[in-house]
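Enquirer: This structure is in structure tokens; I'll ask about it shortly.
The values are calculated or read from the model by the stated rules, or taken from the named source; none is laboratory data. These numbers were taken from a predicted model, which means no experiment stands behind them. Heads up, the Cβs are rebuilt from the backbone with ideal geometry, glycines too, and the neighbour counts pull from every protein chain shown. Calculation scope for accessible area: heavy atoms of the full protein, side chains included, ligands and nucleic acids excluded. Shrake-Rupley method; radii C 1.70, N 1.55, O 1.52, S 1.80 Å.
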Amino acid sequence: MDKSLVDIFWVLICAVLVFVMQAGFTCLESGLTRSKNSINVAIKNITDFGISTILFWAFGFALMFGTSYGAWTGSTGFFLPLDDGVWPTTFFLFELMFCATSVTIVSGATAERLRFSSYIIVSIIISGLIYPIFGHWAWNGAQNGISSGWLGMRGFVDFAGSTVVHSVGGWVSLATLLIIGPREGRFPKVGVHKKIHGSDLPLSVLGTFLLWLGWLGFNGGSTLALNYNVAGIITNTVLAGSSGSMVTLAVGWMIRRRADPELLMFGSLAGCVAITASVHAVSAMWAIAIGGIGGIMMLGVDYLLEYLHIDDAVGAVSVHLGAGIWGTLAVAIFGKAELLNTGLSRGTQLLIQVIGIGVCFLWVFGTSYMLLRVINRFFPLRVTPENEYIGLNVSEHGATTELLDMFRTMDAQAKTGDMSLRVPVEPFTEVGQIAERYNIVMDALQKATARTEASLEEKEVLLREIHHRVKNNMQVISSLLRLQSRNVRDEQQIEMLKESQNRIKAMALIHEKLYRSKDLANINFNDYIKNLVNDLFLSYKVSTSKVSLKMNIEAVSFGIDTAIPCGLIVNELVSNSLKYAFPKGKDGEIKISLRKIVDLKSDMYELTVSDNGAGIPRDLDIRKTESLGLRLITNLAENQLQGKVELNRNEGTEFQIKFKEAKYKERI
């Protein structure tokens with residue numbers, strides 16, 4: 001079939017425009033995925049083009065456009081010599097771009113979790129087998145204007161590839177997604193679905209414009225000649241894409257209550273996909289309708305995929321498969337019979353279009369799913385969770401970014417606590433500016449930490465010295481009291497000396513407990529009191545089988561200003577109970593509780609110490625008594641804790657001390 005140089009030049013120009021779609025897919029997919037996977041996505045787009053070129057030249061073109069063998073497959077043209085003239089070479093180049101477009105659709109859908117080697121396998125299966133065979137059934141003979149494939153001979157019409165190109169890519173994408181599953185965290189077991197946002201939306205918008213530009217050659221060049229139909233075809237493409245974007249924007253705005261930029265991009269592409277099958281045979285009004293409905297179809301498929309937990313990273317299945325199916329059906333619904341030139345009624349045409357869609361599903365989805373499922377059993381298609389987490393840029397290609405370097409340093413710093421680590425600074429980039437500021441903060445933090453550590457060391461030395469002196473002085477006082485008690489004959493004085501000696505021991509014990517606490521502003525009150533009371537039981541040689549101890553202390557920590565007087569009060573009350581409340585041989589119980597009073601706005605606590613022993617006289621006034629221990633309790637509660645003491649004598653004795661925590665934490 002002879003072609004004029006004008007026609008050849010036009011088809012060459014359109015081939016270049018379709019090639020630009022590869023750049024469009026690269027920008028669209030890279031922008032819609034996370035930055036840790038953007039390099040992987042870009043590399044896959046250039047890789048699949050190389051694979052498609054070699055395989056389509058070697059035998060794909062022969063299977064698709066070679067002399068038909070029983071209307072099922074081509075039988076000539078393998079390893080195409082490209083020396084039969086300008087037009088065969090031009091036609092091969094133009095059709096090669098279509099093959100590459102169909103293959104690259106899978107790249108975006110499966111982004112962020114498919115091994116690079118697995119994607120190479122998928123690209124080989126599509127470009128070397130699936131696409132050429134189905135293309136033969138629908139388009140063989142197009143170079144001569146005479147259909148030779150069995151679908152084409154029955155009247156199946158797909159002018160520029162709504163099904164042959166876009167649905168093929170969509171069906172393979174769906175099969176692959178069902179095998180590899182969703183990205184980690186996309187569909188949590190509990191809670192709402194998590195939207196994974198892309199890294200660069202403006203880049204995706206640029207990709208959409210490049211795809212739209214390429215579509216003008218995609219549809220305009222499918223005439224295979226520069227004739228009077230080209231202008232209408234290109235115009236219909238623009239109208240359908242615009243209609244798809246506006247309808248999807250409006251419908252999505254009503255559903256999601258916001259203008260979603262992704263729907264705007266996907267809608268325009270869905271409109272272009274939908275019009276591709278019938279762009280040569282419909283009026284401008286129907287082109288707008290087809291594009292708008294294509295956008296709605298895309299939106300519906302998108303919601304269906306999410307409902308089924310199928311994770312399409314860039315909306316490829318909803319755009320290319322959903323809108324592609326609708327566009328193929330629209331041929332019979334809106335196409336002008338005289339331009340379709342199949343000789344079929346509208347109903348029969350619709351039936352053959354449905355058959356074409358069904359055959360595409362059975363051949364493309366069935367074959368790809370079966371082959372990939374078998375391959376996946378022996379060679380896992382998906383990356384490991386660890387590699388998915390760090391990103392395919394690093395795990396698949398060893399590539400890195402300044403952002404990843406910064407995160408690695410920060411992660412190492414968090415794990416090791418090494419304040420000397422610094423983030424690499426890449427000049428003249430946003431991440432570099434962040435890294436520089438982060439390093440400045442770390443410098444200041446390291447200096448402040450050094451000062452704090454020095455101060456803490458000084459405080460530790462001082463505290464150790466104070467502890468040593470206090471401990472020695474208490475031991476001296478205790479020894480003097482012991483010596484004095486030996487020279488006294490008055491029983492009352494001896495008892496008072498012993499009481500004083502016990503209090504000195506208690507203060508020494510409390511001091512020892514608090515010294516061993518690492519944080520004097522946050523002393524665990526439950527552990528502190530439990531250790532103190534246990535030591536008292538041992539000191540008084542109390543049998544736990546006779547006198548039991550029950551403690552109900554809320555999880556709370558006090559500063560040392562509160563812990564010391566509380567410890568002295570508990571020591572005094574428990575000591576009195578052990579000495580006086582229970583006659584020898586009588587069972588008993590001591591209870592200690594602490595709770596925060598929740599019905600007050602201030603931080604008030606209630607400390608209760610009770611026993612079920614003999615009790616104290618009912619006419620005793622704890623504020624007027626001459627008892628040194630009771631006066632000590634009252635003074636500690638009122639003066640040190642700014643609280644009050646209440647005495648209950650129902651069964652045994654119960655002391656309630658309501659107090660407010662001293663502000664030691666604020667002072668430090």
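Enquirer: Name the pairs whose Cβ atoms lie under 6 Å apart, with the first residue in segment 339-354 and in contact (Cβ under 8 Å) with a residue 24 or more places away in the chain, the second open to solvent by less than 60 Å² (accessible area, probe 1.4 Å) and part of a helix (DSSP H, G or I), and 6 or more positions between them or separate chains?
Expert: Every condition considered, the pairs that remain are Gln349/Ala332; Gln353/Thr328; Gln353/Leu329; Gln353/Val331; Gln353/Ala332.
Enquirer: Has segment 44-58 got any residue that is touching a helix residue (DSSP H, G or I) at 6+ places or on another chain (Cβ under 6 Å), closer than 20 Å to Ser368 by Cα and not in a helix (DSSP H, G or I)?
Expert: no
Enquirer: Moving on to the next point. Among the residues of segment 309-331, is there at least one that is part of a helix (DSSP H, G or I) and either open to solvent by 60 Å² or more (accessible area, probe 1.4 Å) or of a type in the set (D, E, K, R) (or both)?
Expert: Kept after step one, since they are part of a helix (DSSP H, G or I), are these residues of segment 309-331: 316-331.
Now drop any that are not either open to solvent by 60 Å² or more (accessible area, probe 1.4 Å) or of a type in the set (D, E, K, R) (or both), which leaves none.
No, because not a single residue in segment 309-331 is part of a helix (DSSP H, G or I) and either open to solvent by 60 Å² or more (accessible area, probe 1.4 Å) or of a type in the set (D, E, K, R) (or both).
Enquirer: Next question, about the same structure. Which of (1) free of Cβ contacts under 8 Å to residues at least 40 places away in the same chain; (2) over 25 Å from Phe187 (Cα atoms) is the odd one out, the single condition Val331 does not satisfy?
Expert: For Val331, the failing item is (1).
Enquirer: A further question follows. Just one of Gly356, Gly366 is farther than 30 Å from Gly185 by Cα and either in a helix (DSSP H, G or I) or in contact with a helix residue (DSSP H, G or I) (Cβ under 9 Å, 6 or more places away or on another chain) (or both); which is it? Spell out how you get there, then give the answer.
Expert: Details: Gly366 fails: farther than 30 Å from Gly185 by Cα.
Unique residue meeting the criteria: Gly356.
Enquirer: Could you please tell me which pairs satisfy a Cβ distance under 8 Å, a separation of 6+ or placement on different chains, a first residue in segment 75-88 that is open to solvent by less than 60 Å² (accessible area, probe 1.4 Å), and a second residue that is among the acidic types (Asp, Glu) and at pLDDT below 95?
Expert: Every condition considered, the pairs that remain are Trp87/Asp2.
Enquirer: In addition: Considering only segment 161-219, state which residues are aromatic (Phe, Trp, Tyr) and either at pLDDT below 95 or open to solvent by less than 40 Å² (accessible area, probe 1.4 Å) (or both).
Expert: Answer for segment 161-219, where residues must be aromatic (Phe, Trp, Tyr) and either at pLDDT below 95 or open to solvent by less than 40 Å² (accessible area, probe 1.4 Å) (or both): Trp171, Phe187, Trp215, Phe218.
Enquirer: What are the residues in segment 575-590 that are crowded, with 19+ Cβ neighbours inside 10 Å and either under 55 Å from the mean Cα position of the chain (by Cα) or free of Cβ contacts under 8 Å to residues at least 40 places away in the same chain (or both), if any?
Expert: Scanning segment 575-590 gives Phe582, Ile590.
Enquirer: Within segment 372-458, considering only helices (runs of 4 or more DSSP H) that don't extend past its boundaries, which have at least 2 residues that are of a type in the set (Gly, Ala, Ser) and more than 30 Å from Thr176 (Cα to Cα)? Before you say what the answer is, go through the steps one by one.
Expert: On the way: elements: 385-390, 392-397, 402-416.
In segment 372-458, 402-416 are the helices (runs of 4 or more DSSP H) which contain 2 or more residues that are of a type in the set (Gly, Ala, Ser) and more than 30 Å from Thr176 (Cα to Cα).
Enquirer: Additional query: Please count how many residues of segment 220-242 are in a helix (DSSP H, G or I) and open to solvent by 50 Å² or more (accessible area, probe 1.4 Å). Spell out the reasoning first.
Expert: Here is the first cut: in segment 220-242, the ones in a helix (DSSP H, G or I) are 220-223, 230-242.
So of that shortlist, the ones also open to solvent by 50 Å² or more (accessible area, probe 1.4 Å) come out as 231, 235, 238-239.
The total comes to 4.
Enquirer: Hey, another quick one. Going by the structure shown, is Lys550 under 50 Å from the mean Cα position of the chain (by Cα), surrounded by fewer than 16 Cβ atoms within 10 Å (Cβ to Cβ), on the phi < 0 side of the Ramachandran plot and modelled with pLDDT of 85 or more?
Expert: Numbers: under 50 Å from the mean Cα position of the chain (by Cα): yes; surrounded by fewer than 16 Cβ atoms within 10 Å (Cβ to Cβ): yes; on the phi < 0 side of the Ramachandran plot: yes; modelled with pLDDT of 85 or more: yes.
Yes, satisfied.
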